[in-house]
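The values are calculated or read from the model by the stated rules, or taken from the named source; none is laboratory data. If you're wondering where the values come from, they're calculated on a predicted model, not measured in any experiment. Ideal geometry is used to build each Cβ from the backbone, glycine not excepted, and the neighbour counts take in all protein chains shown.
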Amino acid sequence: MKAISTAILFLSFALASAVSGLFLPLAVAERSDKPDLIQTFPAGDSPNNLAFDGANIWVTNSGGSTVTKLRASDGAPQGTFTVGDDPKALAFDGENIWVTCEGLHDLAKLRASDGTMLDSFRIPFNPYGLAWDGANIWVSDEVANTVTKVQGSDGRILGTFPVGLGSKKGVLFDGNNIWVANYEDWSVSKLQPSDGTVLDTIPVGQRPFGLAFDGKKVWVSNSSSDSVTAIRVSDDKVFKSEFVGDSPHGIAFDGAKIWVAVSEDNTLVGLGARRGANARTFDVGAYPFGVLFDGTSIWVANALDDTVTKITRAQP
């Protein structure tokens, strides 16, 4: 009799649990068997690159001459701000957001707190990539094959320095040196920040585009050879090249893995930073381009469906 009562109690509990599960919120039901939380939020027209200001994600919308500000915690829109024709890259300097506007040959400076346009500065030819070195903004130019050093306090041009052919998106400050991806001559330039002296030029894959730093190596996405290359900063030697998929562009480091937007495959590929082995692949939106890690989540700008994807990895 006791065994029968126990069985009835168990069946009642199981039935109640099953019925209550029917009334769980849809988002919970969809994610209950997935350890990683994947969310998608609307952006503007043709989002392509990303920056993080400590609380918000900023997205350039190259088709709409605007940038979109999203709260990082939940993706809630915080505003859309007009900057200029064909905005490309962004950088945060601790107080302001800087944006290259390729169509107007301008560098825009916005106050991060409210998106107010503070100033814009004329940059010759076609400004594209950006990096902040703690005092200055570095701007790559894919037509002039140069990188320009702009004083952050007042926008004064401190120097323009030759690099390789077709310097596009990839500009990086590693804490000591400036790195520039030379799209047309398949190399990366390493410059001394104080005076723009080119310290080294390292051959990589075909049409290098994005750059990321993991503390020891600079990682380069090679958009036409479908690979990434890792360069040791200690001796500028190529450590490894790894296939990732069709047309990699944006690249970011999350403290353990390198994440690469593989545009033609509509995927985000994760590689172990230590050895470069493929660790994880996520399906994202149409033509993923820019990638960013905000300290908690990985963000991807999906250029052909006007969205951004947020991936929050499950804690081990």
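If I filter segment 174-197 for residues that are closer than 20 Å to Ile57 by Cα, of a type in the set (A, V, I, L, M) and either crowded, with 20+ Cβ neighbours inside 10 Å or touching a Pro at 6+ places or on another chain (Cβ under 6 Å) (or both), do I get at least one hit? For segment 174-197, residues closer than 20 Å to Ile57 by Cα, of a type in the set (A, V, I, L, M) and either crowded, with 20+ Cβ neighbours inside 10 Å or touching a Pro at 6+ places or on another chain (Cβ under 6 Å) (or both): absent. With the requirement that a residue be part of a loop (DSSP other than H, G, I, E, B) and basic (Lys, Arg), what does segment 243-287 give you? Passing the criteria: Arg274, Arg275. Restricting the search to strands (runs of 3 or more DSSP E) fully inside segment 49-147 and requiring at least 1 residues that are among the β-branched types (Val, Ile, Thr) and farther than 27 Å from Gln39 by Cβ gives 96-101, 136-141.
Residues in segment 148-174 that are closer than 19 Å to Asp200 by Cα, over 22 Å from the mean Cα position of the chain (by Cα) and either assigned to a loop (DSSP other than H, G, I, E, B) or not aromatic (Phe, Trp, Tyr) (or both): Gly159, Thr160, Pro162, Val163, Gly164, Leu165.
Could you please let me know if Lys240 is of a type in the set (Lys, Arg), within 27 Å of Ala279 (Cα to Cα) and crowded, with 19+ Cβ neighbours inside 10 Å? Explain how you work it out, then say what you get.
Values: of a type in the set (Lys, Arg): yes; within 27 Å of Ala279 (Cα to Cα): yes; crowded, with 19+ Cβ neighbours inside 10 Å: no.
Considered against the rule, which asks whether it is of a type in the set (Lys, Arg), within 27 Å of Ala279 (Cα to Cα) and crowded, with 19+ Cβ neighbours inside 10 Å, Lys240 comes out as no.
Here segment 58-79 is the region considered, the condition is being within 26 Å of Leu104 (Cα to Cα) and in contact with an Asp or Glu (Cβ under 7 Å, 6 or more places away or on another chain), and the residue that is modelled with the lowest pLDDT is Gly64.
You will find that of Leu211, Leu199, Leu158, the residue that is without any contact (Cβ under 8 Å) to a residue 60 or more places away in the chain and under 20 Å from Gly272 (Cβ atoms) is Leu211 and no other.
Of all residues in segment 101-145, those that are among the hydrophobic types (A, V, I, L, M, F, W, C) and touching a residue at least 40 places away in the same chain (Cβ under 8 Å) total 8. Only a single criterion out of (1) within 17 Å of Pro35 (Cβ to Cβ); (2) assigned to a strand (DSSP E or B); (3) not charged (D, E, K, R) is not satisfied by Thr296, namely (2).
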